[in-house]
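Accompanying notes for the structure given below.
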Amino acid sequence: MQCDKCRDDAVLFQSYSGRHLCGRHLMADIEIRAKRSIRAHRWMSSGDHIAVVISGDKKSGALLSFMKKLTADRRDIRLSAMPSGGAVSGKSARSAALKVAALLRIPCLGALSPDGSLATAQESITKIAQGLSLDDIAQGVLAQFLFGDAGRLVHPWPTGSSPFPVICPFIAVPSEELDLYWDCQGTGIDLVPGTPSREGLQKDINAFLEEYSPRHPATKFALLHLWEQLSKWNAATLPFTDTDGRDSGDGMHGMNRFCCGVTGRGS
Ligand SMILES: [Zn+2]
């Protein structure tokens, strides 16, 4: 099958847009959507030092690569890589993550521990970037909806102690496309694909969503938009108390908790 934008071979059929795309046009499409999410959420500003969490999977490799491209001409923004101790762990994953940072010539900071805190003080960091995908967000939102907790739907996860605001440029991009984004770089570094499987009720919810969404391709985007609208409009009106007794925060801190939950670092 050929790309709908050029004559090259297509690497993907985007069911929600009805288009076949080659690697080059898929990458361009992903970058447009990521930039749109960054603008819509005001996730980057002059003077930022952004630490990109790298966990040895294709999503985080894709994010580091994208962020390097995005900030290449921005002398007012500093980029670092930060190995994760979270969802994708183990020596080989860490080694692969470090290889990616070295390949892209991005300096590595101390590791992010499983509870979201930093092993060493990194005072100059202003934001942490996570490679969360559309699938991660949709699964998290649907789970909180089924758990029946309106407060946690807006502030989806109760724990997570990231000391910095968390940004997630890929929230409107499916995991499958992020895997291809990394593969299309042609680096030769073999990273693990996709979203790590989860256990219990979350596993059932993910299985349901994966079975349902091919017949209804807009479903995951609908869940993303639901979360974005609730976070923006109703964050202050729904009661929520964190497990450590703190009151609910603003939208950005809600995202912190959400990110910690869907990456397996929350409860
Ligand atoms: Zn093309």
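What net charge is computed for the residues neighbouring Pro107, neighbours being all others with C-beta under 12 Å from the C-beta of Pro107, Lys and Arg scored +1, Asp and Glu -1? Every neighbour counted, the sum reads +3.
Length available on full extension from Ala28 to His225: 0.36 nm per residue minus the Cα-Cα distance, which gives 68.7 nm.
Could you compute the FRET efficiency for Gln2 and Ala218, with r as their C-beta to C-beta distance and R0 at 25 Å, rounded to 0.05? Spell out each step's value before the answer.
Details: r = 25 Å, r/R0 = 1.00.
Computed FRET efficiency for Gln2 and Ala218: 0.50.
For a straight C-alpha distance cut-off of 27 angstrom, the lysines reachable from Lys35 (same-chain residues fewer than eight places away being disregarded) are Lys5, Lys58, Lys59, Lys68, Lys69, Lys99, Lys127, Lys220, Lys232. Among Cys22, Cys6, Cys168, Cys184, sorting on how many other beta-carbon atoms sit within 10 Å of each Cβ, with the fewest leading, yields Cys6, Cys184, Cys22, Cys168.
For the stretch 1-89, the alpha-carbon coordinates run over 42, 32, 21 Å along the three principal axes, in decreasing order. Taking the stretch 1-55, which trypsin sites (Lys or Arg not before Pro) meet the DSSP loop condition and have no more than 16 other C-beta atoms within 10 Å? Answer by residue number: Lys5, Arg7, Arg42. Restricting to bridges with both residues inside the stretch 1-103, how much of the DSSP beta-bridge set is antiparallel, in percent to the nearest 5? If I count the DSSP bridges inside the stretch 1-103, around 40 percent turn out antiparallel.
Seen from Ile167, the other residues with C-beta closer than 13 Å to its C-beta sum to a net charge of +3, counting Lys and Arg as +1 and Asp and Glu as -1.
Peptides 222-229, 63-70, 203-210, ordered by how many other C-beta atoms sit within 10 Å of their residues on average, highest first, read 63-70, 222-229, 203-210.
Computed from backbone phi with θ = phi - 60° and the Karplus coefficients 6.51, -1.76 and 1.60, the 3J(HN,Hα) list for the stretch 68-83 is 5, 4, 5, 9, 4, 9, 9, 6, 8, 10, 9, 10, 9, 10, 9, x Hz; x is used for glycine and proline. Here each label is just a point 7 Å from Cα along the line to Cβ, and for Leu201 and Ser17 those points are 3.6 nm apart. Among Tyr181, Tyr16, sorting on how many other beta-carbon atoms sit within 10 Å of each Cβ, with the fewest leading, yields Tyr16, Tyr181. Residue order for Trp43, Trp182, fewest other beta carbons within 10 angstrom first, comes to Trp43, Trp182.
The Cβ shell under 12 Å around Leu180 holds other residues with a net charge of -2, Lys and Arg each +1, Asp and Glu each -1.
Throughout, read-outs are computed from the coordinates displayed, never taken from laboratory work. Note that this is a predicted model, so its numbers are computed, not measured. All Cβ positions, even for glycine, are placed from backbone atoms using ideal geometry, and neighbour counts span all protein chains on display.
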